[in-house]
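First up is the structure itself, then whatever we jot down about it.
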Amino acid sequence: MQSSTYPQDKERVVTRTWKLGLIGACCAMWGAACGEAPVDPTRDNTPETRQAALAALGRVEVVDAGRDGTPSFIRGTLGTVDRSLVSLKAADALAPVLRGLAPVFGLRAEELTVRTSRTDELGYTHVRYDQTRHGVPVKGGELVVHVDDKGLVYAANGSARGAGEPSTLARLPLHAVTDAALEGLETLKVEGEPRFVYFLGAEGPLSAAYEVLRVGTREDAPAKDRVYVDASSGRVLDVHPLIHGGLNRRVHSANNQWTTPGTLRRQEGGGATGDAHIDRNYDHIGTTYACYETIFGRDSFDDRGATITSTVHYGSAYVNAYWDGIQIVFGDGDNVNSGQLGLDLDVVSHEITHAVTQYESGLVYRNESGALNESLSDIAAAICESWARGGALDADVWKIGEDIWTPNISGDALRYMDNPTRDNSSRDFYPERYTGTADNGGVHWNSGIPNLVFKLLVTGGTHPRGKSGVNVGGIGMNRAAQTFYFAATTYFTSTTTMSQAKAYTVQAATDRYDASVVNSVRDAWSAAGVP
Ligand SMILES: [Ca+2]
Ligand SMILES: [Ca+2]
Ligand SMILES: [Zn+2]
C-alpha cells in the first residue's frame, strides 16, 4: 500500500508570464488534452550567440564545455567590479557583468538568482547562482562566478545553460506524481507537497517536473530522497538521496528503531556522562570543529556556527553512521564488523563533512558527484586526524575507521586511501570505475579514486598497483588540504564530475600556488586515470 499526504489532487500551473498563464489555465481545465507549449522567441542558445557573447567579453579561454557545446568553465578577463563592493555587495556589483556573461551560457542575467556569496582567505569572492525559468527553479542549473581581490571577474563555471521549453505543458494529477515517486517502494511515503520545477539534464530541453520528497526506510536503513518526476509522463528523471551514509552497512538488524534525536545527554560545556560513546563522540565533534576552524577558518558545517546535533546508541547492533540532512547519527555496531561508530574520529569528521558539502556545493549523492561527496568526507577525516595528531602522515591517517572497524582483527580498516582496492570493493583507477546502480552508483567504491588522488598529492609517489606511469610530486598535507577545500567550496557544483573536479582543483591551486604545485595536482588526477 502506497500512501501520500495529499487530501486532494491539485493542479499547478506556471503563471509567471501572461502567455504561460493562459496556457496553464487551459491545462487546468482540459487536463492532459492540452496542446503544445509556446515557442519562446527569446530563447537563444546557439554556437553563434555564445561565440558573440564570448567575443564581446574579451580575452577568454573555454576550459570545458558540455555536450551541446555550452561552456561549463571559462576563465580570462570576464569583467571588473568595484573592488570596495566585492565582499559586501558582490551580487549587486556583479549585476552589470552578469548581463554580458549570461549569454555565454545561453542565458539572460535575470534567469540567475544568487544563492550564496563567500570571500575566501585570498580575498577572492565566489558567488553561486541558481538558474530559473519564468521564476521557477531550474534544478541542475548552477553557475559560480569568481572575482579576485582586485575586482577582476576571472572565471565562471557550472552547469547552467539556456535550454528550450518542454514540448508540452500537460500535467499529471498530483496523486499520479506521488505514485510515480513511490513505485515499488512500499517502505517510503511522500512528505510535504510536490513542488513544480524545471529539470535540466546534461543535454536536451528543460523538462517540466515535480520535486517530491520521499522518506522512510530502504533495506532496513533510513532513506530520504528528492525525486524528480516528469510532470507529463510520470517518468522519474532523477533521484537525489539526502541521507549520506558513512559506512557500507554490512549486517542487518532484526529490530532497529529509527528515532532521532532521542534524549539529550550532554550539551556544550556539560560534564562527562560516564558513557564512553557519548563522551568520546562529544570530544570528536569538538576536534572536527577545531580542525575546520583552524585550518580553513570555517565556523561549523554551515560556516555560521550551527549547533552540531548528534545521536549515538542508534538502533540495535547497527553497523552504520550517517548525516541525515540535519544531524549526525551513529550506531553501536555489532562488535564483529564494527564497534561503536561514534568512537572513531574518522567517522565523526566524515559525517560532519557531509554537512559541509550539503551547505557548499551540494554534490548530488549519486554516481560521480556522489563519489566525490564521499571522498571529500574521507579526505577531511585524513586531514583532521593528521591535524589532531600533530601533522602525522603515518598509515593510520590513510586508513578510514580503523579505530572501530572489526574489533577482533587488528591493522585493518573500512577504507584505505593509499591503496583503495585493499577493501575488496573500492576502485582506484578511473577507467576501472564502477558504473552500475548499486550503492547509489558506487559512491563508496568510486570514492577510492579521488581518495587516492589526494593521498598521492600529499605524499607524492605512484599508483599503488602500477596502473599509470605518473610519478606525482608531493605538496604536503597543508597545501593539498587548502587546494581541495577551496576547490570544493568555491568551484564544485552539485553535478561536478571527476574530470571537472580535476579542472577545479587545478584552478584552486593556480589561485594559490606556483606552477610546480599546479602540476602536482594535475599529475595526481592523471595517476588515477582521470582525464
Ligand atoms: Ca584514520
Ligand atoms: Ca579492525
Ligand atoms: Zn559518507
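The values are calculated or read from the model by the stated rules, or taken from the named source; none is laboratory data. Since the structure is predicted, the reported quantities are computational estimates derived from the model, not experimental observations. In this analysis, Cβ positions are derived from the backbone assuming ideal geometry, glycine residues included, and neighbour counts consider all displayed protein chains.
So the values come out like this:
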read-out: Residues of region 394-404 satisfying the condition of being near ligand 1 (Cβ under 10 Å from one of its atoms) and buried (at least 17 other Cβ atoms within 10 Å of the Cβ); value: 396, 397, 398, 399, 400, 401, 402, 403
read-out: Residue count, region 163-181 (criterion: touching a Leu at 6+ places or on another chain (Cβ under 6 Å) and modelled with pLDDT of 90 or more); value: 0
read-out: Residue selected from region 332-377 under the condition hydroxyl-bearing (Ser, Thr, Tyr) and assigned to a helix (DSSP H, G or I), by the criterion farthest from ligand 2 (Cβ to nearest atom); value: 359
read-out: Failed criterion for residue 127 (all others in (1) out of contact with any Asp or Glu (no Cβ under 6 Å at 6 or more places or on another chain); (2) surrounded by fewer than 24 Cβ atoms within 10 Å (Cβ to Cβ) hold); value: (2)
read-out: Positions within region 325-374 being in contact with a Lys or Arg (Cβ under 6 Å, 6 or more places away or on another chain) and within 16 Å of ligand 1 (Cβ to nearest atom), in sequence order; value: 343
read-out: Flag for residue 304 being touching a helix residue (DSSP H, G or I) at 6+ places or on another chain (Cβ under 7 Å), in the same structural domain as residue 332 (by TED's automatic domain parsing), of a type in the set (D, E, K, R) and surrounded by fewer than 21 Cβ atoms within 10 Å (Cβ to Cβ); value: no
read-out: Test set (1) crowded, with 22+ Cβ neighbours inside 10 Å; (2) more than 11 Å from ligand 3 (Cβ to nearest atom); (3) among the small types (Gly, Ala, Ser) - residue 381 fails condition number; value: (2)
read-out: Count - residues of region 403-425 that are within 16 Å of ligand 3 (Cβ to nearest atom) and more than 15 Å from residue 464 (Cβ to Cβ); value: 4
read-out: Verdict on residue 391 being more than 16 Å from ligand 2 (Cβ to nearest atom), under 30 Å from residue 118 (Cα atoms) and surrounded by fewer than 22 Cβ atoms within 10 Å (Cβ to Cβ); value: yes
read-out: The lone exception for residue 415 - which of (1) more than 23 Å from residue 364 (Cβ to Cβ); (2) without any contact (Cβ under 8 Å) to a residue 40 or more places away in the chain; (3) within 16 Å of ligand 2 (Cβ to nearest atom) it fails; value: (1)
read-out: Yes/no for residue 409 being of a type in the set (Val, Ile, Thr), within 16 Å of ligand 2 (Cβ to nearest atom) and out of contact with any strand residue (DSSP E or B) (no Cβ under 6 Å at 6 or more places or on another chain); value: yes
read-out: Tally of residues being assigned to a helix (DSSP H, G or I), among the hydroxyl-bearing types (Ser, Thr, Tyr) and in contact with a Ser or Thr (Cβ under 9 Å, 6 or more places away or on another chain) across region 491-519; value: 2
read-out: Residue 141 small (Gly, Ala, Ser) and surrounded by fewer than 20 Cβ atoms within 10 Å (Cβ to Cβ); value: no
read-out: Candidates 123, 162, 140, filtered to the one that is outside any strand (DSSP E or B) and within 15 Å of residue 199 (Cα to Cα); value: 162
read-out: Residue selected from region 228-244 under the condition out of contact with any His (no Cβ under 8 Å at 6 or more places or on another chain) and closer than 20 Å to residue 355 by Cα, by the criterion modelled with the lowest pLDDT; value: 243
